[in-house]
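The structure appears below as structure tokens.
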Amino acid sequence: MNSVFDAILSSLQAAADYHKDDVVQPAAILWTDEKREWERLVPRLRMVLPNFLVFGPYDKANRTGPAIWLRCVIAGRIPDTCIPAGSVPIIYLPGVSRATLRATEECPQELKPLAELQYRGVFWSQTNGKDWTIAAFLQTNHGGLQLKIAKDTATANSIRRCVEKLVDAPVVELRAKSANGELNSGYFDLLVSDDPVDDLLTWLSDPKGTRDRWEPNRWETLCSRCIADYGFDPARDGEVVAAEKLGLQEKSAWKTVWKRFAATPARYVGLAELLRKAKPKPKAGDLFAMQRMESWPQDNEAREAELRQALAELVSLPPKQAGQRIKELEQAHCERRQWVWAKLTRSPLAQTVEHLAALAEIAQAPLSGATAADMIRAYTEGGWRADAAVLDALAVAGSHEDRLAVEKAVARVYTPWLRDAAELFQERLKKEAAPGRDVPRAAVVPKGTCILFADGLRYDVGQKLRALLEPRLGPVAVEHQWVALPSVTPTAKPAVSPVADKIAGASAGEDFRPSVAADGKDLTPARFKGLLEEEGFQSLGIAETGDPAGRAWTEYGNVDKTGHEEGVGLARRIPELLAGLVQRIAALLAAGWQEVRVVTDHGWLLLPQGLPKCELPKYLTATRWRRCAVVKPSATVELSCFSWFWSDDVRIACPPGIDCFMAGEDYNHGGLSLQECIVPRLTIRCGAEPAVTAKIEQVKWAGLRCRVKVSGQFAGCKVDLRDKAADPSTSLASAKGVGKDGSVALVVEDDKREGSATTLVLLDASGSVVDKTLVEVGG
């Protein structure tokens, strides 16, 4: 929660939270706003919340419409206006109060289709049931920001006037100022009129609306400053001339304005289309036109189209040439990730090609080894990064055409690398069998330890989880281990449990499920829980933390379920799924557990365009799944076979390489590949020192004084200005410690350095550089 806007988004998300085991997902979040105080934030909310809808006159492009249309959208009946799966629709109702909706009989006809949603949905409102006003959100201790705000009319009016700037204010800064006295109209007015560059950009973003909102003296002040500083008169020349000057950046003053726009482009949502209109026709012999391409959205869109076409054409190239072509495309388009359009999510392919290039770099060399152990070592020491790059490439949002182009590119480079590695791995396993029951999958579990089972946590996803955990909870130990074969949940989950020695198997049945050793009964979830409790393990629900003085088993996450349901779409869901795991682990440690061990049952294959099909007649098998099958005792098959983990008498057939016994599968598991069979085991201990996660958030110059804002965990950090980031002898100012509120100011003594480039560095307690950014002294 860095800014007020972040706090609003968090509050909306909290309103959507529900206990999945007790209630169904809310049908909608109703946001009533009788006085239209929040209306100015609608364009920005619409940009960051794909589930944000507005009650009003029909405007499909802006997800706005009458009540009956909104109901149809929620019901999924409007094909080209869809709410993302798993998210709760937010319906903003300007000019409507909660009381109006509650009074069902007296509710206006145009609102009645929405009135019923109050029973199936939730209101975004204060705990006392009143609508959220901006002032209430800032002040209240119950779901608000707990700020001290003056309660006079002037302050209330000032807050409403400055809401678009107020929402970008850091919460920690507001609380620090509030601690020294009430925030009044004087403070909020400074947010409105103390920044002429922001005023200029705000006007350009919405020329008519801005003038309608502004008081006359503010408009006159802007015109005066523009004539003096930028060489144009807004009243006479208009916004298109201003946008052209901004895009051309021919004077240093305009370069400063562009830097501000590029730093927070989402704040000026209308400026992109104005720049589109303002692009001048190229002049003959203009050598700098290419350098200014970043200024115009249509130029970026043209580059995206070129990249989309180039990725789609990779299918005609041999895999190695396709990989080399991807690297060339990365070189050609990497600079666009620094353009303003990338921050506005208008360059998804420029973002994606970075991950495709990482994949191409790894895939240019085969994943090999003289033994299976050698191959496992190569995979866990770096080969997994190819799988991670595939997920990252597929996760970048974009149009349907973008996703198809990326999927084709991934399939062209990744398929042969993945296939060859799987085939070689299977060859190696013909000479050295996979570890069986004699090699325990679970270590001794001391008291104070909670085992967290996460279904389908592939090795690369485990590494992503580690990267998320360490900044928050400290060092995470990651080991690798074999899964029980075949790599499916009914077989492999019991093998990593602390009661594996209480389980046996005679027949794999239809679902590869073993049985309780003592009585031969199927290992149902209830019997599994009973075995855990007999061994002294608490079996915790997804929200329970139990008694940390004992031992426990808990389960969380649904990576595997999501993969089976969504296929390639799993890649876009990985960040969300891992965030839930991080929260669960943090909650267990906060409850007093000394150690949390994350274990899993299997990995998986994920391949755009589908896994190849392998034929295996059904009459030869007792059970046939996508990547494994139980072969009948009398049958002969020409496929790799291995013994079931729980019984040597049960023979399992595996398709060759990455093939599948059924067609049309993007995601599956159960076979023999490194991705399916080698999984992570993570250990997180309470009290470990978290890594420094501080970063430079904001830089402002006032003459030769540099004001810096730092976010994250910055205890013990210092800030310095250096010509060489790692060399303290090149400092332009003495390094200073970051204040408790994250702020620090440095002064450059040598005025001859004004206008020159240097590096702002953020140092940890040991003096190591943890973040840096190039700055212009005085800029």
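Computed values, structure above
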read-out: Solvent accessible area, Å² - residue 327, 1.4 Å probe, full protein context; value: 40
read-out: By accessible area with a 1.4 Å probe, ligands and nucleic acids excluded, highest first: order of 480, 355; value: 480, 355
read-out: Label selected from [x] 43; [y] 49; [z] 56, the criterion being percent of Cα pairs over 39 Å apart as computed here; value: [y]
read-out: Charge-dipole axis of the chain as Lys and Arg at +1 and Asp and Glu at -1 on Cβ define it, positive-most pick from 446, 7, 435; value: 7
read-out: Percent antiparallel among DSSP beta bridges (both partners in the chain, rounded to 5); value: 65
read-out: Packing-based ranking, highest mean first, of 651-660, 380-389 given that Cβ atoms within 10 Å are counted; value: 651-660, 380-389
read-out: Share of carbon and sulfur in the accessible heavy-atom surface of the chain [1.4 Å probe, %]; value: 50
read-out: Under 5 Å, built H, 5+ apart or other chain: amide partners of residue 551; value: 448, 538
read-out: Estimated FRET transfer efficiency when R0 is 56 angstrom, pair residue 13-residue 501 (beta carbons, to 0.05); value: 0.80
read-out: Heavy-atom surface of segment 209-330, accessible at 1.4 Å and reported per residue (Å²); value: 55
read-out: Ranked by how many other beta carbons lie within 10 Å on average, peptides 156-162, 485-491, 731-737, 177-183 from highest; value: 485-491, 156-162, 731-737, 177-183
read-out: Length released on extending from residue 542 to residue 731, taking residue separation times 0.36 nm less the Cα-Cα span; value: 62.9 nm
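The values are calculated or read from the model by the stated rules, or taken from the named source; none is laboratory data. This structure is a prediction, so every number in the text was calculated from the model and none was measured. So basically every Cβ, Gly included, is an ideal-geometry build from the backbone, and we count neighbours across all protein chains shown. We work out accessible area using only protein heavy atoms, side chains counted, and drop any ligands, DNA or RNA first. Shrake-Rupley method; radii C 1.70, N 1.55, O 1.52, S 1.80 Å.
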